[in-house]
Amino acid sequence: QVQLVESGGGLVQAGGSLRLSCVPSGSIFSYNAMVWYRQAPGKQRELVAYISSGGTTTYGDSVKGRFTASRDNAKNTVCMQMNTLKPEDTAVYYCRATRVGVFDYWGQGTQVTVSS
């Protein structure tokens, strides 16, 4: 069973930046998508960024232009640079590695808190 470990969360003031990382415990980067989600208290889980196996990235409307997700297959990591953070970005951020019909792995999440 592959484990995904997120890191980089924390407390930051509005307008600040954070960089999240997701590191799988094993090599799973072949032909799979990597996805960042977030979930705020009392709210539904929200898709933040989707990176296809080919590297194409799609963002949720609320983070477009502020967040940049990327994958480095050689280093076996996925990162997400979050700039111009807003209080409404406060949530637990989760990393997911998925290949339809083959595997679906989730991380334990990392807390991001943006103060106003």
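The values are calculated or read from the model by the stated rules, or taken from the named source; none is laboratory data. Nothing here was measured: the structure is a model prediction, and the numbers come from that model. FYI the Cβ positions are ideal-geometry reconstructions off the backbone, even for glycines, and counts take in every protein chain you see. Side chains are part of the model used for accessible areas, which takes the heavy atoms of the whole protein and leaves out ligands, DNA and RNA. Shrake-Rupley method; radii C 1.70, N 1.55, O 1.52, S 1.80 Å.
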Item checked: Set of lysines near Lys75 by C-alpha distance (under 19 Å), chain-local residues within fewer than 8 positions excluded -> none
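For region 1-110, which whole-number percentage of the solvent-accessible area (1.4 Å probe, protein heavy atoms only) is attributable to carbon and sulfur atoms? Walk me through the intermediate numbers first.
Numbers: 2760 of 5780 Å².
For region 1-110, the apolar C and S fraction of the accessible surface comes to 48 percent.
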Item checked: Under 9 Å, Cβ to Cβ, from Val112 - net charge with Lys/Arg +1 and Asp/Glu -1 -> 0
Next item on the list: Would you calculate the separation in nanometres between label points at Ala74 and Val100, each defined as 7 Å from the Cα along the Cα-to-beta-carbon direction?
Entry: 3.1 nm
Check: What is the ratio of the Cα radius of gyration of region 1-53 to 2.2 N^0.38 Å, where N is its residue count, to two decimals?
Finding: 1.35
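Once you wrap a convex hull around the alpha carbon atoms of the chain, what is its projected area averaged over all directions, in nm²? Mind dumping the intermediate values first?
On the way: hull surface 27.6 nm².
Quarter of the Cα hull surface area: 6.9 nm².
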Checklist line | Lys, Arg +1 and Asp, Glu -1 on Cβ, resulting dipole of the chain about Cα centre, debye, nearest 20 | finding: 80 debye
